[in-house]
Amino acid sequence: MVLVAMPRSGETQLAVVSNRGPVSFAFDPEGNLHAKRASGGMVAVLGPGVIEHDALWLSTALSDADRAATGTGEVVVEGYRLRTLTIDPPLFRQYYDVIANQTLWFLLHGMWDLPRRPRFDRYWWEAWRAFVTVNRLFAEAAAAELAPGATVLINDYQLALVGAELRRLRPDVRSSIFIHTPFCHPSELDVLPGEVADTLLTGLGGTGACGFHSHRWAAAFEACCRERRLAVPEVFVSPAAADAAGVAEVAASAGCQAELRLLDEVIGDRRFIVRADRIELSKNLLRGFHAFDDLLASQPEWRGRVIFGAFVYPSRESLADYLGYRQELEAVVRAINAKWATKDWTPILLDLADNYPRSVAALRRYDVLVVNPIRDGLNLVAKEGPLVNERNGVLVLSPGAGAWDELSCYAVEAHPFDVAGTAEALATALSMPSDERATRAQSLKKMASARTPMDWFADQLGRARQPES
Ligand code: G6P
């Protein structure tokens, strides 16, 4: 790992701003710093464009190791020019845990648990002020980096207010913001106090253009603006593309090959259903397992003949909702396995390791890929899977995923709440004739490789404008 300090404040022509950066750092037992690819789809899809355009990536330092590695100014790591913002931990928790994760994420995914939450108490309002402050700090940091007339590409809802603040500080700068989640409907937005909803919408609209993965999310955003009688800003739709070359490289690696051999030993000649997700409430993991249970109950011929591999890894465990969800899913898997397992067959293989080569091995090996989110901005797995799969695997896809817009013609539909229907979809996929599997798999591969992350990056760049004042 090479870290080169290169102070270039005020000279940057192109910057990308996001909460999470592309690389996370950790100390080894000897105290040396190691860099690792950060988790999540957003950094995977932004990475190639950032490197190609030699853009500066401004993000937060999320750990002591991040602060040690990048706290001194601009550094170059694994081809990225990085600069991080160090935010006081209590302030960061209010901005990230309370507002970004517990409020905005639930809002945008339409996942309020209304009888209980949200609750805008004094503690929440303090956190909202912290959110405004952190967004302002980001805008100030970007303003200090950017050359006159430079371009900044803001990414995701955590930084929803950066655009409007930056417009005030640097009206010469061209900007866009890309939202990687869905966007909520006006009735869901109504749950926010009016002044907060307006600050959110005008914050987003303070950029030159707002981008979304799906027309549905863009339309919902525009409807929210109209409903609150705010000007509807410039909007664009550009579904992100999987990094075909990057995922192919992992698929061809010795590590992935070794994982595939291990999987082969476990699966043998059985069919293999796979899912690969972060453990997030929107991914609908529980209903996926219940659907598999329903399949085994209703179609006994599949007992002993199929394994469901869930390659899912924990996220945001500082939040009780996420921790509880993980515990619940482990309990559900235990119960289903206890109900159906025989001495030589365990129906669900639950793997909680964040092991990317292993997940890619599972994607190479699936007969059926399950992507059944309640709502998801895009879902890159739905594209990565078909790109590397070697068995003409069938995609079972929920219309709740943004990727549905592009892939629905070649997928088997699974309504996210219809457990019995999802079980039927699994059965359809498992017993699909081989010629139909091949035709669908080829079409999916073609669709998934029609665009590259560079095309997606170029759309953001092309739509960045000086915002209207
Ligand atoms: C989810 C959302 C993304 C978001 C990401 C942030 O996956 O769909 O839009 O960027 O979470 O994850 P993080 O772990 O950085 O909070």
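General observations
- Two-decimal ratio, the chain, of alpha-carbon radius of gyration to 2.2 N^0.38 Å: 0.98
- At full extension, ASP405 and PHE417 could sit 2.4 nm farther apart than now, given 0.36 nm per residue minus the alpha carbon distance.
- Acute angle (nearest 10 degrees) that the helix 356-365 long axis makes with the longest principal axis of the chain, alpha-carbon atoms: 40
- Calculated FRET efficiency for the pair LEU461/ALA353, C-beta based, R₀ 45 Å, to 0.05: 0.80
- Relative contact order of the chain, taken over Cα pairs closer than 8 Å and 6 or more residues apart, is 16 percent.
- Two-site FRET efficiency, GLU265 against ARG93, from Cβ-Cβ distance with R₀ of 60 Å, rounded to 0.05: 0.85
- For LEU114 and ARG37, the FRET efficiency from 1/(1 + (r/R0)^6), where r spans their Cβ atoms and R0 equals 30 Å, is about 0.20.
- Size descriptor, Kirkwood hydrodynamic radius, that averages inverse alpha-carbon separations across the range 244-448, Å: 16.9
- Gain upon complete extension [ALA252, LEU169; 0.36 nm per residue less C-alpha separation]: 25.2 nm
- The label point for GLU390 and the one for GLU328, both projected 7 Å from the Cα toward the Cβ, are 3.8 nm apart.
- Per-selection Rg to Rh, the range 54-99 - Cα, Kirkwood hydrodynamic radius: 1.03
- Pairwise label distance in nanometres, ARG305 with GLU78, each label 7 Å out on the Cα-Cβ vector: 4.3
- Summarising the label geometry, the points placed 7 Å from Cα in the beta-carbon direction at SER449 and SER63 lie 3.5 nm from one another.
Read the figures in this text as sums done on the coordinates, not as results from a lab. Bear in mind the structure is a predicted one, so any value in this text is a computation, not a measurement. In this analysis, Cβ positions are derived from the backbone assuming ideal geometry, glycine residues included, and neighbour counts consider all displayed protein chains.
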